[in-house]
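What follows is a single structure, written as C-alpha coordinates, with notes after it.
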Amino acid sequence: MINLETPKKFKPLVSQANQVATEVFRPISRKYDLAEGEYPKELDMLASLIDGMNEGSDIGGAGATGVRRSDSDNGDGRNRNGTNLSTVLGVIELCWGDVGLLLSMPRQGLGNSAIASVATEEQLERYGGQWAAMAITEPEAGSDSAAIRTTAELDGDEYVLNGEKIFVTAGDRADLIVVWASLDRSKGRAAIKSFIVERDNPGLKLDRLEHKLGIRASDTANFRLEDCRVPKDALLGSPEVDAKQGFAGAMQTFDNTRPLVAAMAIGVTRAALEETRSCLAEAGMEVDYSVPALSQHAAAARFLGMEADYEAARLQTLHAAWMADNDRPNSLQASMAKAKAGRTCVDVTLGCVELCGAVGYGESELLEKWSRDAKILDIFEGTQQIQLLIVARQLLGKSSAELR
Ligand SMILES: Cc1cc2nc3c(=O)[nH]c(=O)nc-3n(C[C@H](O)[C@H](O)[C@H](O)COP(=O)(O)OP(=O)(O)OC[C@H]3O[C@@H](n4cnc5c(N)ncnc54)[C@H](O)[C@@H]3O)c2cc1C
(Lines give C-alpha, C1' and ligand atoms only; values in the text may rest on other atoms or scores of the structure.)
Protein backbone atom coordinates (compact mmCIF):
# COMPACT_ATOMS: atom_id res chain seq x y z
CA MET A 1 0.00 0.00 0.00
CA ILE A 2 1.43 3.37 -0.96
CA ASN A 3 1.14 6.07 1.66
CA LEU A 4 0.73 9.40 -0.11
CA GLU A 5 0.75 11.50 3.03
CA THR A 6 3.65 13.76 3.94
CA PRO A 7 5.34 12.34 7.07
CA LYS A 8 4.28 14.27 10.17
CA LYS A 9 7.80 15.40 11.07
CA PHE A 10 8.15 17.19 7.70
CA LYS A 11 4.80 19.00 7.87
CA PRO A 12 6.08 22.20 9.57
CA LEU A 13 8.88 22.53 6.98
CA VAL A 14 6.47 22.00 4.08
CA SER A 15 4.05 24.52 5.52
CA GLN A 16 6.81 27.14 6.04
CA ALA A 17 8.10 26.62 2.50
CA ASN A 18 4.56 26.95 1.14
CA GLN A 19 4.11 30.20 3.05
CA VAL A 20 7.33 31.58 1.53
CA ALA A 21 6.19 30.48 -1.93
CA THR A 22 2.76 32.07 -1.50
CA GLU A 23 3.77 35.31 0.19
CA VAL A 24 7.16 36.07 -1.32
CA PHE A 25 7.70 34.16 -4.61
CA ARG A 26 4.27 34.35 -6.25
CA PRO A 27 3.80 38.14 -5.87
CA ILE A 28 7.15 38.88 -7.59
CA SER A 29 7.09 35.98 -10.04
CA ARG A 30 6.00 37.96 -13.12
CA LYS A 31 8.09 41.00 -12.16
CA TYR A 32 11.41 39.14 -12.42
CA ASP A 33 10.31 37.15 -15.45
CA LEU A 34 9.90 40.47 -17.25
CA ALA A 35 13.00 42.07 -15.70
CA GLU A 36 15.36 39.32 -16.89
CA GLY A 37 18.79 39.58 -15.30
CA GLU A 38 17.77 41.94 -12.50
CA TYR A 39 18.66 40.51 -9.10
CA PRO A 40 15.53 39.78 -7.02
CA LYS A 41 16.61 41.76 -3.95
CA GLU A 42 13.62 40.48 -1.96
CA LEU A 43 15.50 37.16 -1.76
CA ASP A 44 18.27 38.51 0.52
CA MET A 45 15.97 38.72 3.51
CA LEU A 46 14.36 35.43 2.61
CA ALA A 47 17.69 33.64 2.34
CA SER A 48 18.52 34.60 5.93
CA LEU A 49 15.13 33.25 7.00
CA ILE A 50 15.81 29.95 5.24
CA ASP A 51 19.27 29.77 6.84
CA GLY A 52 17.47 30.09 10.16
CA MET A 53 15.04 27.32 9.19
CA ASN A 54 17.98 25.07 8.28
CA GLU A 55 19.89 25.80 11.49
CA GLY A 56 16.90 25.19 13.71
CA SER A 57 16.09 21.88 12.05
CA ASP A 58 17.62 18.43 12.44
CA ILE A 59 15.78 17.11 9.39
CA GLY A 60 17.41 19.39 6.84
CA GLY A 61 16.07 22.50 5.22
CA ALA A 62 14.05 23.69 2.31
CA GLY A 63 16.90 24.57 -0.05
CA ALA A 64 19.64 22.68 -1.86
CA THR A 65 22.06 22.87 1.07
CA GLY A 66 19.76 20.52 2.95
CA VAL A 67 21.28 17.62 1.01
CA ARG A 68 23.97 15.97 3.13
CA ARG A 69 25.79 12.73 3.31
CA SER A 70 25.74 11.23 6.76
CA ASP A 71 28.71 11.03 9.11
CA SER A 72 28.62 7.28 8.77
CA ASP A 73 29.79 7.37 5.15
CA ASN A 74 32.85 5.14 4.96
CA GLY A 75 33.84 6.33 1.50
CA ASP A 76 32.63 3.23 -0.32
CA GLY A 77 30.84 5.38 -2.85
CA ARG A 78 27.40 4.51 -1.52
CA ASN A 79 24.95 7.27 -1.00
CA ARG A 80 24.22 7.90 2.66
CA ASN A 81 22.28 11.05 3.06
CA GLY A 82 20.10 12.03 5.94
CA THR A 83 17.97 14.84 4.65
CA ASN A 84 17.12 14.33 1.01
CA LEU A 85 13.41 13.77 1.51
CA SER A 86 12.86 16.95 3.51
CA THR A 87 14.89 18.92 0.96
CA VAL A 88 12.84 17.52 -1.91
CA LEU A 89 9.59 18.36 -0.10
CA GLY A 90 10.77 21.92 0.57
CA VAL A 91 11.93 22.42 -3.02
CA ILE A 92 8.55 21.20 -4.35
CA GLU A 93 6.76 23.87 -2.32
CA LEU A 94 9.16 26.67 -3.24
CA CYS A 95 8.97 25.82 -6.95
CA TRP A 96 5.19 25.77 -6.74
CA GLY A 97 5.89 29.44 -5.98
CA ASP A 98 8.54 30.10 -8.67
CA VAL A 99 11.39 27.91 -9.90
CA GLY A 100 13.46 30.81 -11.31
CA LEU A 101 13.40 32.50 -7.91
CA LEU A 102 14.39 29.28 -6.13
CA LEU A 103 17.39 29.04 -8.49
CA SER A 104 18.27 32.62 -7.51
CA MET A 105 18.20 31.99 -3.78
CA PRO A 106 21.52 32.87 -2.12
CA ARG A 107 23.30 29.87 -0.62
CA GLN A 108 20.89 27.32 -2.19
CA GLY A 109 22.71 26.58 -5.47
CA LEU A 110 23.26 23.18 -7.03
CA GLY A 111 26.94 23.73 -6.26
CA ASN A 112 25.97 23.76 -2.59
CA SER A 113 24.53 20.27 -2.84
CA ALA A 114 27.62 19.13 -4.77
CA ILE A 115 29.76 20.44 -1.90
CA ALA A 116 27.49 18.84 0.68
CA SER A 117 27.64 15.53 -1.22
CA VAL A 118 31.38 15.11 -1.63
CA ALA A 119 33.28 17.66 0.51
CA THR A 120 35.37 16.67 3.50
CA GLU A 121 34.33 17.99 6.91
CA GLU A 122 37.04 20.71 6.70
CA GLN A 123 35.79 21.81 3.30
CA LEU A 124 32.20 21.87 4.54
CA GLU A 125 33.34 24.08 7.38
CA ARG A 126 35.28 26.41 5.07
CA TYR A 127 32.75 26.77 2.29
CA GLY A 128 29.53 26.36 4.26
CA GLY A 129 27.30 29.43 4.35
CA GLN A 130 28.37 30.57 0.88
CA TRP A 131 26.48 30.42 -2.40
CA ALA A 132 27.87 27.88 -4.87
CA ALA A 133 27.05 27.41 -8.57
CA MET A 134 27.93 24.30 -10.59
CA ALA A 135 30.03 24.44 -13.77
CA ILE A 136 30.23 21.21 -15.75
CA THR A 137 29.03 22.09 -19.26
CA GLU A 138 31.46 23.26 -21.96
CA PRO A 139 31.00 24.14 -25.64
CA GLU A 140 32.15 20.62 -26.61
CA ALA A 141 30.79 18.75 -23.60
CA GLY A 142 27.14 18.85 -22.56
CA SER A 143 25.44 15.47 -22.28
CA ASP A 144 28.79 13.73 -22.50
CA SER A 145 30.32 15.23 -19.39
CA ALA A 146 33.25 12.79 -19.60
CA ALA A 147 34.41 14.78 -22.67
CA ILE A 148 35.24 17.93 -20.72
CA ARG A 149 38.42 19.69 -21.76
CA THR A 150 39.03 22.01 -18.83
CA THR A 151 42.29 20.99 -17.20
CA ALA A 152 43.71 21.31 -13.70
CA GLU A 153 47.48 21.11 -13.37
CA LEU A 154 49.22 20.90 -10.03
CA ASP A 155 51.83 23.65 -9.56
CA GLY A 156 53.32 23.61 -6.07
CA ASP A 157 50.51 24.14 -3.60
CA GLU A 158 48.03 25.23 -6.24
CA TYR A 159 46.03 23.82 -9.13
CA VAL A 160 46.02 25.90 -12.32
CA LEU A 161 42.72 25.65 -14.21
CA ASN A 162 42.30 26.41 -17.92
CA GLY A 163 39.18 25.99 -20.07
CA GLU A 164 35.70 27.30 -20.77
CA LYS A 165 32.41 26.77 -18.91
CA ILE A 166 29.01 27.67 -20.30
CA PHE A 167 25.43 27.84 -18.97
CA VAL A 168 26.37 28.19 -15.32
CA THR A 169 23.17 28.76 -13.32
CA ALA A 170 23.69 31.55 -10.75
CA GLY A 171 27.27 31.79 -12.02
CA ASP A 172 27.39 35.57 -11.88
CA ARG A 173 25.74 35.99 -8.48
CA ALA A 174 27.22 33.06 -6.55
CA ASP A 175 30.24 33.35 -4.21
CA LEU A 176 31.79 30.08 -5.40
CA ILE A 177 31.76 28.03 -8.58
CA VAL A 178 32.24 24.26 -8.43
CA VAL A 179 34.24 23.61 -11.61
CA TRP A 180 34.73 20.16 -13.14
CA ALA A 181 38.20 19.74 -14.62
CA SER A 182 40.51 16.91 -15.60
CA LEU A 183 43.76 16.22 -13.76
CA ASP A 184 45.02 14.27 -16.74
CA ARG A 185 43.02 14.03 -19.96
CA SER A 186 44.91 10.88 -21.02
CA LYS A 187 43.42 9.04 -18.01
CA GLY A 188 39.82 9.57 -19.11
CA ARG A 189 36.83 10.05 -16.88
CA ALA A 190 38.49 8.85 -13.66
CA ALA A 191 40.69 11.96 -13.75
CA ILE A 192 37.74 14.37 -13.65
CA LYS A 193 37.47 16.15 -10.30
CA SER A 194 35.57 19.11 -8.98
CA PHE A 195 37.31 22.26 -7.74
CA ILE A 196 36.00 25.20 -5.80
CA VAL A 197 36.78 28.49 -7.48
CA GLU A 198 35.96 31.75 -5.72
CA ARG A 199 33.82 33.98 -7.93
CA ASP A 200 36.28 36.88 -7.57
CA ASN A 201 39.29 34.79 -8.62
CA PRO A 202 41.04 36.94 -11.31
CA GLY A 203 41.54 33.85 -13.50
CA LEU A 204 37.76 33.33 -13.76
CA LYS A 205 36.54 35.65 -16.51
CA LEU A 206 32.86 36.27 -17.19
CA ASP A 207 32.19 36.17 -20.95
CA ARG A 208 28.47 36.87 -21.04
CA LEU A 209 25.04 36.27 -19.50
CA GLU A 210 22.43 34.32 -21.49
CA HIS A 211 18.91 35.44 -22.46
CA LYS A 212 16.51 32.55 -22.02
CA LEU A 213 13.08 31.05 -22.77
CA GLY A 214 12.26 30.49 -19.09
CA ILE A 215 13.66 30.78 -15.54
CA ARG A 216 14.46 34.38 -16.41
CA ALA A 217 14.85 35.43 -12.78
CA SER A 218 17.90 33.16 -12.66
CA ASP A 219 21.21 34.31 -14.19
CA THR A 220 23.06 31.96 -16.55
CA ALA A 221 26.75 32.77 -17.04
CA ASN A 222 29.52 31.75 -19.45
CA PHE A 223 33.13 31.83 -18.23
CA ARG A 224 36.70 31.40 -19.37
CA LEU A 225 39.25 30.01 -16.92
CA GLU A 226 42.64 31.47 -17.77
CA ASP A 227 45.50 30.28 -15.57
CA CYS A 228 43.00 30.30 -12.75
CA ARG A 229 44.90 29.39 -9.58
CA VAL A 230 43.16 27.68 -6.66
CA PRO A 231 44.68 26.22 -3.49
CA LYS A 232 45.42 22.48 -3.53
CA ASP A 233 42.68 21.81 -0.99
CA ALA A 234 40.04 23.39 -3.23
CA LEU A 235 39.77 19.97 -4.89
CA LEU A 236 36.60 18.35 -3.54
CA GLY A 237 37.02 14.77 -2.31
CA SER A 238 40.07 12.69 -3.10
CA PRO A 239 42.77 13.78 -5.63
CA GLU A 240 43.53 10.13 -6.38
CA VAL A 241 42.84 9.02 -9.95
CA ASP A 242 41.22 5.64 -9.41
CA ALA A 243 40.58 3.93 -12.76
CA LYS A 244 38.49 1.25 -10.99
CA GLN A 245 36.13 3.83 -9.52
CA GLY A 246 35.98 5.64 -12.87
CA PHE A 247 33.45 8.41 -12.90
CA ALA A 248 31.61 7.20 -9.82
CA GLY A 249 32.96 9.87 -7.46
CA ALA A 250 31.86 12.78 -9.62
CA MET A 251 28.62 11.09 -10.62
CA GLN A 252 27.65 10.63 -6.98
CA THR A 253 26.69 14.30 -6.97
CA PHE A 254 23.96 13.58 -9.53
CA ASP A 255 22.33 10.99 -7.26
CA ASN A 256 21.59 13.92 -4.95
CA THR A 257 20.90 16.69 -7.43
CA ARG A 258 18.68 14.83 -9.92
CA PRO A 259 15.89 14.24 -7.36
CA LEU A 260 16.15 17.97 -6.53
CA VAL A 261 15.61 18.96 -10.16
CA ALA A 262 12.76 16.43 -10.33
CA ALA A 263 11.32 18.11 -7.23
CA MET A 264 11.48 21.49 -9.01
CA ALA A 265 9.49 19.95 -11.87
CA ILE A 266 6.91 18.51 -9.45
CA GLY A 267 6.39 21.95 -7.88
CA VAL A 268 5.84 23.68 -11.25
CA THR A 269 3.54 20.85 -12.41
CA ARG A 270 1.37 21.11 -9.31
CA ALA A 271 1.11 24.89 -9.69
CA ALA A 272 -0.17 24.47 -13.26
CA LEU A 273 -2.65 21.75 -12.31
CA GLU A 274 -4.10 23.78 -9.43
CA GLU A 275 -4.51 26.86 -11.62
CA THR A 276 -6.16 24.77 -14.32
CA ARG A 277 -8.53 23.14 -11.86
CA SER A 278 -9.83 26.55 -10.79
CA CYS A 279 -9.94 27.75 -14.40
CA LEU A 280 -12.10 24.73 -15.29
CA ALA A 281 -14.28 25.25 -12.19
CA GLU A 282 -14.86 28.88 -13.20
CA ALA A 283 -16.05 27.60 -16.56
CA GLY A 284 -18.52 25.39 -14.67
CA MET A 285 -16.60 22.14 -15.05
CA GLU A 286 -15.78 20.23 -11.85
CA VAL A 287 -13.44 17.24 -12.06
CA ASP A 288 -15.34 14.30 -10.58
CA TYR A 289 -13.34 11.54 -8.86
CA SER A 290 -16.36 9.31 -8.33
CA VAL A 291 -16.88 8.44 -11.99
CA PRO A 292 -14.45 7.06 -14.60
CA ALA A 293 -12.45 9.69 -16.48
CA LEU A 294 -13.81 8.69 -19.86
CA SER A 295 -17.41 9.18 -18.70
CA GLN A 296 -16.65 12.87 -18.07
CA HIS A 297 -16.15 15.90 -20.27
CA ALA A 298 -13.01 15.53 -22.42
CA ALA A 299 -11.33 18.40 -20.56
CA ALA A 300 -11.92 16.72 -17.19
CA ALA A 301 -10.64 13.40 -18.55
CA ARG A 302 -7.50 15.14 -19.83
CA PHE A 303 -7.03 16.80 -16.46
CA LEU A 304 -7.28 13.44 -14.66
CA GLY A 305 -4.70 11.91 -17.01
CA MET A 306 -2.28 14.76 -16.33
CA GLU A 307 -2.87 14.50 -12.60
CA ALA A 308 -2.10 10.76 -12.69
CA ASP A 309 1.20 11.52 -14.43
CA TYR A 310 1.98 14.13 -11.79
CA GLU A 311 1.31 11.64 -8.96
CA ALA A 312 3.55 9.03 -10.61
CA ALA A 313 6.37 11.57 -11.03
CA ARG A 314 5.97 12.76 -7.46
CA LEU A 315 6.13 9.25 -6.02
CA GLN A 316 9.15 8.40 -8.12
CA THR A 317 10.92 11.52 -6.86
CA LEU A 318 10.10 10.90 -3.21
CA HIS A 319 11.25 7.30 -3.65
CA ALA A 320 14.65 8.37 -5.06
CA ALA A 321 15.17 10.80 -2.16
CA TRP A 322 13.96 8.25 0.42
CA MET A 323 16.46 5.68 -0.92
CA ALA A 324 19.31 8.15 -0.49
CA ASP A 325 18.17 8.75 3.07
CA ASN A 326 18.18 5.01 3.74
CA ASP A 327 21.68 4.06 2.61
CA ARG A 328 20.47 2.59 -0.67
CA PRO A 329 22.25 3.31 -3.96
CA ASN A 330 19.73 5.37 -5.93
CA SER A 331 21.35 6.23 -9.29
CA LEU A 332 18.67 4.32 -11.21
CA GLN A 333 15.78 5.86 -9.28
CA ALA A 334 17.32 9.36 -9.41
CA SER A 335 17.46 9.14 -13.22
CA MET A 336 13.96 7.65 -13.43
CA ALA A 337 12.62 10.48 -11.27
CA LYS A 338 14.39 13.16 -13.31
CA ALA A 339 13.16 11.68 -16.61
CA LYS A 340 9.57 11.21 -15.46
CA ALA A 341 9.23 14.53 -13.64
CA GLY A 342 10.96 16.57 -16.38
CA ARG A 343 8.80 15.16 -19.14
CA THR A 344 5.63 15.39 -17.04
CA CYS A 345 6.32 19.02 -16.23
CA VAL A 346 6.73 19.95 -19.91
CA ASP A 347 3.67 17.93 -21.01
CA VAL A 348 1.39 19.05 -18.18
CA THR A 349 2.23 22.76 -18.24
CA LEU A 350 1.63 22.87 -22.01
CA GLY A 351 -1.53 20.77 -21.57
CA CYS A 352 -2.76 23.28 -18.98
CA VAL A 353 -2.09 26.21 -21.35
CA GLU A 354 -4.16 24.33 -23.92
CA LEU A 355 -7.04 23.52 -21.56
CA CYS A 356 -7.29 27.10 -20.30
CA GLY A 357 -7.26 28.62 -23.79
CA ALA A 358 -6.68 32.37 -23.90
CA VAL A 359 -6.27 32.52 -20.09
CA GLY A 360 -3.50 29.93 -20.42
CA TYR A 361 -1.69 31.80 -23.17
CA GLY A 362 -1.95 35.36 -21.88
CA GLU A 363 0.23 37.12 -19.32
CA SER A 364 -2.61 37.86 -16.89
CA GLU A 365 -1.99 34.43 -15.30
CA LEU A 366 1.24 32.51 -14.79
CA LEU A 367 0.39 29.43 -16.88
CA GLU A 368 2.28 30.58 -19.99
CA LYS A 369 5.30 31.38 -17.81
CA TRP A 370 5.26 27.95 -16.18
CA SER A 371 5.17 26.29 -19.60
CA ARG A 372 8.36 28.24 -20.48
CA ASP A 373 10.02 27.55 -17.12
CA ALA A 374 9.29 23.83 -17.47
CA LYS A 375 11.60 23.04 -20.40
CA ILE A 376 14.89 23.57 -18.60
CA LEU A 377 13.88 21.03 -15.95
CA ASP A 378 13.96 18.40 -18.68
CA ILE A 379 17.40 19.59 -19.84
CA PHE A 380 19.83 20.49 -17.06
CA GLU A 381 21.41 17.91 -14.75
CA GLY A 382 21.09 15.55 -17.74
CA THR A 383 18.49 15.70 -20.51
CA GLN A 384 15.46 13.43 -20.88
CA GLN A 385 17.33 11.28 -23.42
CA ILE A 386 20.39 10.94 -21.20
CA GLN A 387 18.31 9.87 -18.19
CA LEU A 388 16.61 7.20 -20.32
CA LEU A 389 20.02 6.05 -21.52
CA ILE A 390 21.24 5.73 -17.92
CA VAL A 391 18.11 3.81 -16.93
CA ALA A 392 18.52 1.47 -19.92
CA ARG A 393 22.20 0.86 -19.10
CA GLN A 394 21.39 0.02 -15.51
CA LEU A 395 18.47 -2.26 -16.32
CA LEU A 396 20.34 -4.09 -19.08
CA GLY A 397 23.64 -4.22 -17.19
CA LYS A 398 25.51 -2.42 -19.99
CA SER A 399 28.45 -0.07 -19.61
CA SER A 400 28.55 3.44 -21.11
CA ALA A 401 30.85 2.08 -23.83
CA GLU A 402 28.35 -0.67 -24.70
CA LEU A 403 25.24 1.51 -24.83
CA ARG A 404 25.53 5.15 -25.95
C1 LIG B 1 19.21 27.59 -18.63
C2 LIG B 1 20.28 26.57 -18.49
C3 LIG B 1 20.94 26.41 -17.29
C4 LIG B 1 21.97 25.49 -17.17
N5 LIG B 1 22.64 25.39 -15.98
C6 LIG B 1 23.75 24.60 -15.92
C7 LIG B 1 24.58 24.62 -14.76
O8 LIG B 1 24.30 25.28 -13.76
N9 LIG B 1 25.73 23.91 -14.79
C10 LIG B 1 26.10 23.17 -15.88
O11 LIG B 1 27.16 22.54 -15.85
N12 LIG B 1 25.32 23.08 -16.98
C13 LIG B 1 24.16 23.80 -17.04
N14 LIG B 1 23.39 23.79 -18.15
C15 LIG B 1 23.78 22.96 -19.28
C16 LIG B 1 22.94 21.71 -19.43
O17 LIG B 1 23.22 20.80 -18.40
C18 LIG B 1 23.20 21.14 -20.83
O19 LIG B 1 22.58 22.02 -21.75
C20 LIG B 1 22.68 19.74 -21.01
O21 LIG B 1 23.42 18.84 -20.24
C22 LIG B 1 22.70 19.29 -22.48
O23 LIG B 1 23.95 19.51 -23.04
P24 LIG B 1 24.07 20.28 -24.45
O25 LIG B 1 23.28 21.53 -24.35
O26 LIG B 1 25.51 20.39 -24.79
O27 LIG B 1 23.34 19.35 -25.47
P28 LIG B 1 23.93 18.07 -26.24
O29 LIG B 1 24.65 17.19 -25.29
O30 LIG B 1 24.66 18.55 -27.43
O31 LIG B 1 22.58 17.36 -26.66
C32 LIG B 1 21.74 17.85 -27.69
C33 LIG B 1 20.56 16.88 -27.81
O34 LIG B 1 21.03 15.56 -28.15
C35 LIG B 1 20.58 14.62 -27.18
N36 LIG B 1 21.60 13.60 -26.98
C37 LIG B 1 22.91 13.81 -26.65
N38 LIG B 1 23.54 12.63 -26.51
C39 LIG B 1 22.62 11.66 -26.73
C40 LIG B 1 22.67 10.22 -26.72
N41 LIG B 1 23.77 9.56 -26.44
N42 LIG B 1 21.51 9.56 -27.00
C43 LIG B 1 20.37 10.22 -27.27
N44 LIG B 1 20.28 11.57 -27.30
C45 LIG B 1 21.38 12.27 -27.03
C46 LIG B 1 20.32 15.43 -25.93
O47 LIG B 1 19.39 14.79 -25.06
C48 LIG B 1 19.79 16.73 -26.49
O49 LIG B 1 18.42 16.58 -26.76
C50 LIG B 1 22.32 24.67 -18.28
C51 LIG B 1 21.63 24.80 -19.51
C52 LIG B 1 20.63 25.74 -19.62
C53 LIG B 1 19.93 25.87 -20.94
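Points worth noting:
- Long-range HN-HN contacts of G109 with modeled amide H, under 5 Å: A132
- Whole-number D in µm²/s for the chain (Stokes-Einstein; Kirkwood sum over Cα pairs; 20 °C, 1.002 mPa s): 99
- If only the Cβ of Lys and Arg carry +1 and only the Cβ of Asp and Glu carry -1, the dipole of the chain around its Cα centre is close to 860 debye.
- Principal axis box of segment 151-265, alpha-carbon based, largest edge first, Å: 40, 33, 22
- For the pair S143 and D200, label points projected 7 Å from Cα toward Cβ lie 4.1 nm apart.
- Protein accessible area in segment 253-404, 1.4 Å probe - carbon and sulfur %: 56
- Cross-link partners of K41 among lysines (Cα-Cα below 26 Å; sequence separation of 8 or more within a chain): K31, K205, K212, K369, K375
- Equivalent ellipsoid, segment 268-399 (semi-axes from 5 times Cα gyration tensor eigenvalues, Å): 31, 17, 12
- The H211 and S399 beta-carbon pair, evaluated with R₀ = 51 Å, returns a calculated FRET efficiency of approximately 0.85.
- Eligible lysines near K398 by straight Cα distance, threshold 25 Å, same-chain separation 8 or greater: K187, K193, K244, K338, K340
- Summary of packing: across the peptides 124-130, 363-369, the per-residue average of other C-beta atoms within 10 Å ranks them, highest first, as 363-369, 124-130.
- Stretching the chain fully between E311 and K31 yields a gain of 97.8 nm (0.36 nm per residue, less the alpha carbon separation).
- Around E158: net Lys/Arg minus Asp/Glu count, Cβ-Cβ under 14 Å: -4
- Compared with the alpha-carbon gap, the fully stretched path from E158 to K9 is longer by 49.2 nm at 0.36 nm per residue.
- Spin-label model, E23/L332: points 7 Å from Cα along the beta carbon direction are separated by 4.4 nm.
- In Hz, Karplus ³J(HN,Hα) per residue of segment 139-154 (6.51, -1.76, 1.60; θ = phi - 60°; x = Gly, Pro): x, 9, 8, x, 4, 8, 5, 5, 8, 4, 10, 4, 10, 10, 10, 6
- Looking at segment 219-374, the accessible area is 41 square angstrom per residue; that uses a 1.4 Å probe and ignores ligands, DNA and RNA.
- Across segment 210-225, coupling constants 3J(HN,Hα) worked out from phi with the 6.51/-1.76/1.60 Karplus curve, θ = phi - 60°, read 7, 9, 9, 5, x, 5, 6, 6, 8, 7, 10, 10, 10, 10, 10, 10 Hz, and Gly and Pro carry x.
- The chain: DSSP helices with Cα axial extent of at least 15 Å and average Kyte-Doolittle hydropathy no lower than 1.0: 84-97
- Over the chain, dividing the summed -39,500 (n - 2.57) contributions of all DSSP H runs of at least 4 residues by the number of residues returns a 222 nm mean residue ellipticity of -15000 deg cm²/dmol.
- Theoretical FRET efficiency, 1/(1+(r/R0)^6), r = Cβ-Cβ of E38 and S364, R0 25 Å, to 0.05: 0.70
- GluC sites (Glu not before Pro) lying in DSSP loop within segment 135-177, provided at most 13 other Cβ fall within 10 Å: E140
The values are calculated or read from the model by the stated rules, or taken from the named source; none is laboratory data. These numbers come from a predicted model, not from an experiment. Please note: Cβ atoms are built from the backbone with ideal geometry, for glycine as well, and neighbour counts cover all protein chains shown. Note: accessible area is taken over every heavy atom of the protein model, side chains too, but ligands, DNA and RNA are not part of it. Shrake-Rupley method; radii C 1.70, N 1.55, O 1.52, S 1.80 Å.
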